[in-house]
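The values are calculated or read from the model by the stated rules, or taken from the named source; none is laboratory data. What you see is a predicted model; the values in this text were computed from it and never measured. All Cβ positions, glycine included, derive from the backbone under ideal geometry; neighbour counts span all protein chains shown. Surface accessibility is based on the protein's heavy atoms, side chains included, excluding ligands, DNA and RNA. Shrake-Rupley method; radii C 1.70, N 1.55, O 1.52, S 1.80 Å.
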Amino acid sequence: MKKLIIMTAVLGVCAVAGAQSVSPSVGTEADQVNKGTTSASVKQNVNLILPQATALHLTATNLDFDISKLGSQDGTWYCAYGLSATDQSSALTPKEEFWGQTQTLPLGTSYDVAEYPNIKVNAGKKVTSYPPVELVGGKVDNATKNYFVCYRTFVLQKFSNVGNYRLSVSRDNPTGDMGHQMLYIQEDPCNAWGQTTGLYKLDEGTSKILTPKSLTEGTTGKQVLAPSKDGRNVCRKGTSWLDDVVVVAVVVDGDKAGKNTAVLTYTLESSASVFTSN
């Protein structure tokens, strides 16, 4: 009985702490008065006044591709040989939808979206040692010494209530001999999950627009609720933040030992008018 009394008291304190007294509002404008014999009507404007707001939430400040741990890769990253000796690039169509940018498949590899928020990497044989080399029938297979590609993902959340928005990413331009790895990136927003475009090659000192043009119109809150006939909208309900699964890939080999860091800056722009050019 004592335990029950203590728990009740604690719950009572919590309830009081979460309550707030609210007094009736009194307007500064003239009162409305209407008279009638059997009915009377007055009009009221209920004004929700919001400041313009643009925000980003990055869930992974450091995205590590620790090649010393190739033999113990968990489900958050994957390294494999390419499907071709070089990158495969092609123009994206329609051109205007993707801001005239070109997609690239690193060493011919690609990915498909799986059950949100997971992806499936389409590549060659998994790489588990560094430097890459394997014995085949007691002999070294030189093909196993080739470059390979590693994939990781993370969630980036964006909020914009101005009217239109778009997300871009830029890469720094290092002057030393570190941080020159080959890097690729793509955004997969929850409101268009499965709209595959390949990746963008992000060279040093360059930037890419990640949001397709058709997805820049409206607020993020509107996009969360956007109907999707093909079931591709998998956004969380009850929020005006949009969740993006960002895919980052790096091609490995030829880089200097140590910590090669590419600094990426994600920028969310908001505009009252529709974006028409980059």
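Looking for something in a loop (DSSP other than H, G, I, E, B), buried (at least 16 other Cβ atoms within 10 Å of the Cβ) and within 18 Å of the chain's Cα centre (by Cα) - is there at least one such residue anywhere in the stretch 175-182?
There is no residue in the stretch 175-182 that is in a loop (DSSP other than H, G, I, E, B), buried (at least 16 other Cβ atoms within 10 Å of the Cβ) and within 18 Å of the chain's Cα centre (by Cα).
Based on this model, can you work out whether Lys69 counts as outside any loop (DSSP other than H, G, I, E, B) and at negative phi? Break it down stepwise before answering.
On the way: outside any loop (DSSP other than H, G, I, E, B): yes; at negative phi: yes.
For Lys69, the condition - outside any loop (DSSP other than H, G, I, E, B) and at negative phi - is met.
Restricting to the stretch 219-254, name every residue that is open to solvent by less than 50 Å² (accessible area, probe 1.4 Å), under 17 Å from Trp193 (Cβ atoms), in a loop (DSSP other than H, G, I, E, B) and in contact with a strand residue (DSSP E or B) (Cβ under 7 Å, 6 or more places away or on another chain).
Matches in the stretch 219-254: Cys235 only.
If I ask for residues that are in a loop (DSSP other than H, G, I, E, B), open to solvent by 50 Å² or more (accessible area, probe 1.4 Å) and either aliphatic (A, V, I, L, M) or modelled with pLDDT of 95 or more (or both), which ones from the stretch 44-64 would you list?
Pass one, the stretch 44-64, residues in a loop (DSSP other than H, G, I, E, B): 44-53, 59-64.
Now restrict to residues that are open to solvent by 50 Å² or more (accessible area, probe 1.4 Å): 44-52, 59, 61-64.
The answer is Val46, Leu48, Ile49, Leu50, Pro51, Gln52, Thr61, Asn62, Leu63, Asp64.
Out of Pro117, Pro131, which single residue is in a loop (DSSP other than H, G, I, E, B), crowded, with 16+ Cβ neighbours inside 10 Å and of a type outside the set (Val, Ile, Thr)?
Values: Pro131 fails: crowded, with 16+ Cβ neighbours inside 10 Å.
Answer to the check: Pro117.
Is there any pair linking a residue in the stretch 29-55 that is among the hydrophobic types (A, V, I, L, M, F, W, C) to one that is part of a loop (DSSP other than H, G, I, E, B) and open to solvent by less than 100 Å² (accessible area, probe 1.4 Å), with Cβ under 7 Å and at least six apart or on different chains, and which?
From the stretch 29-55, the pairs are Ala40/Asn34; Val42/Asn34; Leu50/Asn161; Ala53/Asn161.
Would you be able to say whether some residue in the stretch 104-113 is more than 26 Å from Asn233 (Cα to Cα), among the β-branched types (Val, Ile, Thr), touching a strand residue (DSSP E or B) at 6+ places or on another chain (Cβ under 6 Å) and in a loop (DSSP other than H, G, I, E, B)?
Just the residues of the stretch 104-113 that are more than 26 Å from Asn233 (Cα to Cα), to begin with: 106-108.
With among the β-branched types (Val, Ile, Thr) added as a condition, the list becomes none.
For the stretch 104-113, residues more than 26 Å from Asn233 (Cα to Cα), among the β-branched types (Val, Ile, Thr), touching a strand residue (DSSP E or B) at 6+ places or on another chain (Cβ under 6 Å) and in a loop (DSSP other than H, G, I, E, B): absent.
Check Thr211 against each of (1) open to solvent by 30 Å² or more (accessible area, probe 1.4 Å); (2) touching a residue at least 12 places away in the same chain (Cβ under 8 Å); (3) among the hydroxyl-bearing types (Ser, Thr, Tyr); (4) outside any strand (DSSP E or B) and name the one condition it does not meet.
With respect to (1) open to solvent by 30 Å² or more (accessible area, probe 1.4 Å); (2) touching a residue at least 12 places away in the same chain (Cβ under 8 Å); (3) among the hydroxyl-bearing types (Ser, Thr, Tyr); (4) outside any strand (DSSP E or B), Thr211 is out only on (1).
Do you know which residues across the stretch 33-57 are of a type in the set (Val, Ile, Thr) and farther than 29 Å from Ser168 by Cα? Talk me through it step by step, then tell me what you get.
Residues of the stretch 33-57 that are of a type in the set (Val, Ile, Thr), as a first pass: 33, 37-38, 42, 46, 49, 54.
Residues satisfying the conditions are Val33, Thr37, Thr38, Val42, Val46.
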